[in-house]
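These notes concern the structure reproduced below.
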Amino acid sequence: MAFFLKFILISIILIWVFRVLIRMIFPAVLRNAFSNVQNQANANQQQRSSNSRPEGSISIDYMPKKEKKGNADKLGDFVDYEEVK
C-alpha cells in the first residue's frame with residue numbers, strides 16, 4: 001500500500017512540474033518561432049524593395065508560344081449562343 005501511495009504522490013508531483021515547465025517554455029518557443037518568421041518576412045520585403053525597377057520599366061518573365069492562326073480546323077467548332085436572362 002505504501003508503494004502505491006508513493007507512486008501516486010511522485011506522479012502528481014511530476015505532472016505538476018511538467019505543467020509548470022510547459023507554461024514557461026511553450027510561450028518562449030512560440031515567441032522565438034514568430035520572431036524568426038517575422039525576420040524572414042522583413043528580409044524578403046527588403047530584398048524585393050532593393051530589386052525594384054524604376055517606374056515605367058517593363059519586364060517580361062514568360063512569353064507563351066504563339067499558335068498558328070492559319071489552321072482553324074484544329075481549334076474546334078464554334079457554337080453560337082444567346083444569353084437568357
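Brief remarks follow.
- Residue check for Phe4: surrounded by fewer than 10 Cβ atoms within 10 Å (Cβ to Cβ), part of a helix (DSSP H, G or I) and free of Cβ contacts under 8 Å to residues at least 24 places away in the same chain: yes
- Boolean, Gln38 is open to solvent by 100 Å² or more (accessible area, probe 1.4 Å) and modelled with pLDDT of 80 or more: yes
The values are calculated or read from the model by the stated rules, or taken from the named source; none is laboratory data. Given the structure is predicted, the values throughout are model-derived calculations rather than measurements. Neighbour counts run over all protein chains shown; Cβ positions are idealised from the backbone, glycine included. When the accessible area is computed, the model is the full protein with side chains, heavy atoms only, and any ligands, DNA or RNA have been set aside. Shrake-Rupley method; radii C 1.70, N 1.55, O 1.52, S 1.80 Å.
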